[in-house]
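A.B. asks: Got a structure for you, written out below as structure tokens; questions coming shortly.
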Amino acid sequence: MLVMKIVGISSTAFTLSQMVRSYEDVFPTRVRLMLTLLCVSNITLACGQLGQSYQDYKCSAEEAHMECPVKTEMEIKATTNAKWYGAPAPLYCAPKSKHPFTGYWSHSAECNKPWDSPPSYCEEYEGQKAGAFVNTSPAPNSNGRIDVEGCCFWGRGVIQTTGVCNFGKLNYYLGARAAEEGRSSRYPEINFCEQPDAICASEDHKELKWIGTFPVAILCF
């Protein structure tokens, strides 16, 4: 059952593009091109893919006290992203006051033009070879979402811990909330509701990429 649940995690072409970052040297050029063409890179995918809304992944009524609140002022940029030619920039969330709407990522945009006046360079992320944000008009996801306010709970870690319920449980059992409420806590200094990126970004607890997801998987049964 556990295996079936892990295998059943949503995986779109966009997610696949993020996963191949460690393997770009072994992917033939034509395969990377295919991923580029298939990849649907609306920026609002941070909010949810395939009609999902990660900030609305609520807990059941009996577990609702564990879930994370959605704070509209939160602003987070993903720790990792793919590095193949034209790969999308890291996911991000931000309030509507800063980004009233968002567009999409153009994989084919040429960003490295040192001959221009003034010159331009690929600066969205380290190792960028091409691509650019196009924010001239809103590009909604399949839910019609055009902003990324509160959309900070995309999947992270080996089994992609996702949504306010799962991150809330992680915080309730292993994070700052457990410590604040007098329970034993493995990571008392990390509030996973306010720092969901700690799973990928923590330099002190790199094991979170693995064990940060395991308790949530167990608690789902």
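What follows draws every value from the coordinates through simple rules; no lab data is involved. Predicted model, so just to flag it, every value in this text is computed and none were measured. Positions of Cβ are backbone-derived with ideal geometry, glycine not excepted, and every protein chain shown enters the neighbour counts.
A.B. asks: By how many nm would the segment from SER142 to SER60 grow when fully extended, if each residue of separation counts as 0.36 nm and the alpha-carbon distance is taken off?
C.D. replies: Residue separation times 0.36 nm, minus the Cα-Cα distance, leaves 27.0 nm.
A.B. asks: Something else now. To the nearest 0.05, what FRET efficiency results for GLU180 and ASP204 with a Förster distance of 22 Å applied to their C-beta separation?
C.D. replies: 0.70
A.B. asks: Give the order of ASP147, ASP204 when sorted by the count of other beta carbons within 10 angstrom, beginning with the fewest. Could you put the intermediate results ahead of the total?
C.D. replies: On the way: ASP147 21, ASP204 10.
Ordered from fewest to most neighbouring Cβ atoms within 10 Å, ASP147, ASP204 come out as ASP204, ASP147.
A.B. asks: Can you give me the distance in nm between label points at THR80 and GLU189, each placed 7 Å from the Cα along the Cα-to-Cβ direction?
C.D. replies: In this crude label model, THR80 to GLU189 measures out at 2.3 nm.
A.B. asks: Counting only C-alpha contacts under 8 Å and six or more residues apart, can you give the relative contact order of region 84-210 as a whole percent?
C.D. replies: Details: 199 pairs, mean separation 26.2, N = 127.
In percent, rounded to a whole number, it is 21.
A.B. asks: Under a cut-off of 18 Å between alpha-carbon atoms, report the aspartates and glutamates in cross-link reach of LYS58, not counting same-chain residues fewer than 8 places apart.
C.D. replies: Leaving aside aspartates and glutamates fewer than 8 places away in the same chain, those within reach of LYS58 are GLU67, GLU149, GLU194.
A.B. asks: Another one. Starting at the first residue of region 173-180, write each ³J(HN,Hα) from the Karplus equation 6.51 cos²θ - 1.76 cosθ + 1.60 with θ = phi - 60°, in whole Hz, x for Gly and Pro.
C.D. replies: Computed from phi, the couplings for region 173-180 are 9, 10, x, 4, 5, 4, 5, 5 Hz.
A.B. asks: If you don't mind, there's one more thing I want to ask. List, in the order given, every pair from LYS113/LYS206; LYS83/LYS206; LYS77/LYS169 whose Cα-Cα distance in the structure shown is over 32 Å.
C.D. replies: Details: LYS113/LYS206 37 Å; LYS83/LYS206 21 Å; LYS77/LYS169 22 Å.
Over 32 Å apart, Cα to Cα: LYS113/LYS206.
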